[in-house]
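Take a look at the structure below.
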Amino acid sequence: MGVVSIPLIDKLKMLIKFYEEVLNMPHRQEIARELRDQDDLFLLMLYSEMIGIPNPVYYYTLELYPYMIESFHDWHLRMGMDKSPMTGIRCC
């Protein structure tokens, strides 16, 4: 019948956790955007030779294609290309 009270230390832990969440909230979007931009730059460097930009390390990046092909479709749409710019890769 009585109200169960939460110990002061638990209240303090909950307050600290809430405070950290409030501080991190606006930065999560910035961090996610920065990571996406870095991924986009990496994919541009990876596929640059196929879209006409010289890439001095093209031979070494060929090994990465099987791993990156899954994210290629999302990348070329973010770059403003409605269809795949490469005839060898069909994703659309």
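The values are calculated or read from the model by the stated rules, or taken from the named source; none is laboratory data. Small disclaimer: the values here were computed from a predicted structure and weren't measured. As a convention, Cβ positions derive from the backbone with ideal geometry for all residues, glycine included, and neighbour counts pool all protein chains shown. Accessible surface areas use protein heavy atoms only, side chains included; no ligands, DNA or RNA. Shrake-Rupley method; radii C 1.70, N 1.55, O 1.52, S 1.80 Å.
All conditions in (1) surrounded by 14 or more Cβ atoms within 10 Å (Cβ to Cβ); (2) at pLDDT 75 or above; (3) part of a helix (DSSP H, G or I) hold for Met50, with the sole exception of (2). Here region 53-76 is the region considered, the condition is being in a helix (DSSP H, G or I) and over 14 Å from Cys91 (Cβ atoms), and the residue that is least open to solvent (accessible area, probe 1.4 Å) is Thr61.
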